[in-house]
Amino acid sequence: MEISDVRKVASLARLALTEEELLTYGRQLTGILDYVRLLDEVDTQNTEPMPHAIALQNVFRDDQRTNSLDVADALSNAPRTDGQYFLVPQILEERSGGK
Amino acid sequence: MSLHYLNTAELHSALTEGRLSSRQLTTACLNRIEMLNPSLNAFISVNADQALLQADRVDEKRRRGERVGVLGGLPLALKDNICQKLVPATCGSRMLQNFRPPYNAHVTERIEAEDGVIVGRLNMDEFAMGSSTETSFAGPSLNPWNRQRTAGGSSGGAAVAVASGMVPLALGSDTGGSIRQPASFCGVVGMKPTYGLVSRYGLIAYASSLDQIGPFSRDAFGAGLLLQAIGGHDSRDSTSIPVSAPSIEEIMAGVPGKLRVGIVDEHFGEGLQPEVGDCVRQAIAELEAAGATVSKVELPHSKFSIAAYYLIACSEASSNLARYDGIHYGHRADQFSDMTDLYCQSRGEAFGPEVKRRIMLGTYALSAGYYDAYYLKALKVRRRIREDFDRAFQSVDIIAGPVAPTPAFPLGEKLDDPLTMYLCDIYTISANLAGIPGISVPCGFTSDHLPVGLQFLAPELQDSRLLQAAKLFQQRTKWHEQHPELS
């Protein structure tokens, strides 16, 4: 993997990595990707993918009202709240003077 | 009389018959933890007060003649990725260092309903990613047989706690061997049930299509009892199978008829340490002496299991761990420039190297242009691996072989070489991909006195057969009655 690819993957994964980490993961991921190329030996032309370990279909439950977490419990582990909502940094720019 | 190494059936009947109170047993466990945990690091946290309260509740029920649940006041401990309401669940990660789940996992509810006594929470590789419990932010658990060696992982704390007599029972989770491999390294019984037999509601996710909660014990009775308590349908997990767990009576009734044991050449090939192979072959001969028939079966795709596993598990992990955003719960960085940077800094600071590596691999495998070549290809190979098992189980009841190619390896040996660490799971990973149950049973020691594990695999939902076979083996051998010397 090129260092630019590693940087792109880190950005997709939302991971801030140091230059040293980028180099290490680049080297290690290249090794792992070389190893998994082993799978090319298997002819899977007529094989359906198996996304899950068991073949359960149409799992329904009764449509009954149940309690969900109350607000205080849901917020209890949040790094920042105002007691009712999660607080996040501002994501929209303020516009001065106009609508 | 020392209680620490009594077998689970004896402990259970002493409790049931009132010869022993849950408070006495729980106190003995808490004392043992206090004495041994500083040197073995099996527990991340211990909740003595809560445990004694629960023990007293069970004793009171019994005194009043009320119905007592199947666990009957037995103390046990949970891997630190299983939620207990308001009790810190760190998952071995700085990310969740201060996380207190607002609800109980299904298995936690079941244990309380069946009168188990939860004494504390067990060390693990960070987010269950690892095979040695060395990636935990709390430091490694040490193998009680030799403290220079790893405990295995990721449920290393659970294996150490049971092997050293701190608790008779524990719950771990197994995504690629994380129950069976540490059980093998520490000389105890560890079982991964059929995928879907135990609800994952309240298990902090690593790879959802592979994760399964399962029991640790020193004997088949204990593993069966705990599986009976926690197994069965739960509508809060959409992959939960609508069946009940096998009952302990069914398991203790033993193997019905003649057991047909399959062995696989690939399990005894290159990479297997000769001493481990010798112990396992001896164990299979013991089954034969007990009346089992042994024949060869083929699993031609087993050599592809590690490659398929790491693509699938890491892809699922990259998606599951996207929830750690520094907003809803978990670590939040102090310094950041904007919203995206808040995510990146929080995750970059709080995840350890193995977690980052797997998120990176999974993100790459799922990214545009690579999805078909890696993730989809791995899912197709997964089906071929499952089909191998379906064919093999047409002629045998169980497959027997080694759990891991080596005994417990030295601390630090594989930490900087991820691929070598991944290869530790070569014999266990296929069961997770196929969804079938597997168990590790102690079957001997190497010349430097490290435990060796025997693995049984069975078809989907034949969990009782695995435990019956484990019981049969333990009736004829004394390996599980050997204990490490600890002071």
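The helices (runs of 4 or more DSSP H) located wholly in segment B:363-446 that include 2 or more residues which are surrounded by fewer than 19 Cβ atoms within 10 Å (Cβ to Cβ) and out of contact with any strand residue (DSSP E or B) (no Cβ under 6 Å at 6 or more places or on another chain) occupy B:377-392, B:418-422. Against the test of being among the charged types (D, E, K, R), more than 19 Å from B:HIS331 (Cα to Cα), within 8 Å of another protein chain (Cβ to nearest Cβ) and within 23 Å of the chain's Cα centre (by Cα), the options A:GLU21, A:GLU41 yield a single qualifying residue, A:GLU21. Might you let me know whether segment B:379-397 holds any residue that is within 22 Å of B:ALA322 (Cβ to Cβ) and in contact with a Pro (Cβ under 9 Å, 6 or more places away or on another chain)? Looking for residues that are within 22 Å of B:ALA322 (Cβ to Cβ) and in contact with a Pro (Cβ under 9 Å, 6 or more places away or on another chain), one finds at least one in segment B:379-397, hence yes.
Restricting to segment A:44-99, what's the tally of residues that are farther than 30 Å from B:CYS344 by Cβ and acidic (Asp, Glu)? Counting residues in segment A:44-99 that are farther than 30 Å from B:CYS344 by Cβ and acidic (Asp, Glu) gives 4.
Annotation note: of B:LEU457, B:LEU472, the sole residue that is in contact (Cβ under 8 Å) with a residue 40 or more places away in the chain, crowded, with 24+ Cβ neighbours inside 10 Å, farther than 28 Å from B:LEU40 by Cα and of a type outside the set (Asp, Glu) is B:LEU457. Can B:MET360 be described as at pLDDT below 95 and buried (at least 19 other Cβ atoms within 10 Å of the Cβ)? The answer is no for B:MET360.
The number of residues in segment B:357-370 that are more than 7 Å from chain A (Cβ to nearest Cβ) and without any contact (Cβ under 8 Å) to a residue 40 or more places away in the chain comes to 3.
Could you tell me which numbered condition B:GLY224 fails, if it satisfies all but one of (1) more than 30 Å from B:LEU96 (Cβ to Cβ); (2) modelled with pLDDT under 95; (3) of a type outside the set (D, E, K, R)? Exception for B:GLY224: condition (2). Annotation note: of A:ARG95, A:ARG27, A:ARG65, the sole residue that is more than 7 Å from every other protein chain (Cβ to nearest Cβ), surrounded by fewer than 16 Cβ atoms within 10 Å (Cβ to Cβ) and at pLDDT 95 or above is A:ARG27.
Checking every residue in segment B:147-161 against the condition of being of a type outside the set (Asp, Glu), in a strand (DSSP E or B) and more than 15 Å from the chain's Cα centre (by Cα) gives at least one match.
Taking segment B:336-352 as the range and being at the interface with another protein chain (Cβ under 8 Å from one of its Cβ atoms) and not basic (Lys, Arg) as the test, the residues that pass are B:PHE336, B:ASP338, B:MET339, B:THR340, B:ASP341, B:LEU342, B:TYR343, B:CYS344, B:GLN345, B:GLY348, B:GLU349, B:PHE351. Taking the conditions (1) farther than 26 Å from B:GLY222 by Cβ; (2) in contact with a Lys or Arg (Cβ under 6 Å, 6 or more places away or on another chain) in turn, B:ARG64 satisfies each one other than (2). Does segment B:234-255 contain any residue that is away from chain A (no Cβ under 14 Å) and either more than 30 Å from B:SER13 (Cβ to Cβ) or basic (Lys, Arg) (or both)? No, the conditions are met nowhere in segment B:234-255.
Only one entry in B:GLY444, B:GLY412, B:GLY435 is at positive phi, of a type in the set (Gly, Ala, Ser) and touching a Cys at 6+ places or on another chain (Cβ under 8 Å), namely B:GLY444. If you go through segment B:447-466 one residue at a time, how many are under 16 Å from B:GLN282 (Cβ atoms) and in a strand (DSSP E or B)? Total satisfying the criteria: 6.
Within the option set B:GLU354, B:GLU349, being assigned to a helix (DSSP H, G or I), in contact with a Lys or Arg (Cβ under 9 Å, 6 or more places away or on another chain), under 30 Å from B:PHE137 (Cα atoms) and in contact (Cβ under 8 Å) with a residue 60 or more places away in the chain holds for one residue only, B:GLU349.
Those helices (runs of 4 or more DSSP H) of segment B:1-93 in which at least 2 residues are among the hydroxyl-bearing types (Ser, Thr, Tyr) and either out of contact with any Asp or Glu (no Cβ under 6 Å at 6 or more places or on another chain) or in contact (Cβ under 8 Å) with a residue 40 or more places away in the chain (or both), considering only elements entirely within it, cover B:8-16, B:22-40.
Each row is one residue, and each column tells you yes or no for (1) within 14 Å of chain A (Cβ to nearest Cβ); (2) buried (at least 24 other Cβ atoms within 10 Å of the Cβ); (3) part of a strand (DSSP E or B); (4) not acidic (Asp, Glu).
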{"site": "B:SER132", "(1), (2), (3), (4)": "no, yes, no, yes"}
{"site": "B:TRP145", "(1), (2), (3), (4)": "no, yes, no, yes"}
{"site": "B:GLY165", "(1), (2), (3), (4)": "no, no, no, yes"}
{"site": "B:SER178", "(1), (2), (3), (4)": "no, yes, no, yes"}
{"site": "B:TYR201", "(1), (2), (3), (4)": "yes, no, no, yes"}
{"site": "B:LEU226", "(1), (2), (3), (4)": "no, yes, no, yes"}
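Report yes if some residue within segment B:256-265 is among the acidic types (Asp, Glu), farther than 28 Å from B:ARG476 by Cα and outside any loop (DSSP other than H, G, I, E, B); otherwise report no. No, every residue in segment B:256-265 fails to be among the acidic types (Asp, Glu), farther than 28 Å from B:ARG476 by Cα and outside any loop (DSSP other than H, G, I, E, B).
When residues in segment B:279-335 are screened for being surrounded by fewer than 23 Cβ atoms within 10 Å (Cβ to Cβ), at the interface with chain A (Cβ under 9 Å from one of its Cβ atoms) and out of contact with any helix residue (DSSP H, G or I) (no Cβ under 7 Å at 6 or more places or on another chain), 3 of them pass.
The values are calculated or read from the model by the stated rules, or taken from the named source; none is laboratory data. It should be emphasised that the depicted structure is a prediction, and the values quoted were computed from it without experimental measurement. Cβ coordinates were reconstructed from backbone atoms using ideal geometry, including for glycine residues, and neighbour counts include every protein chain displayed.
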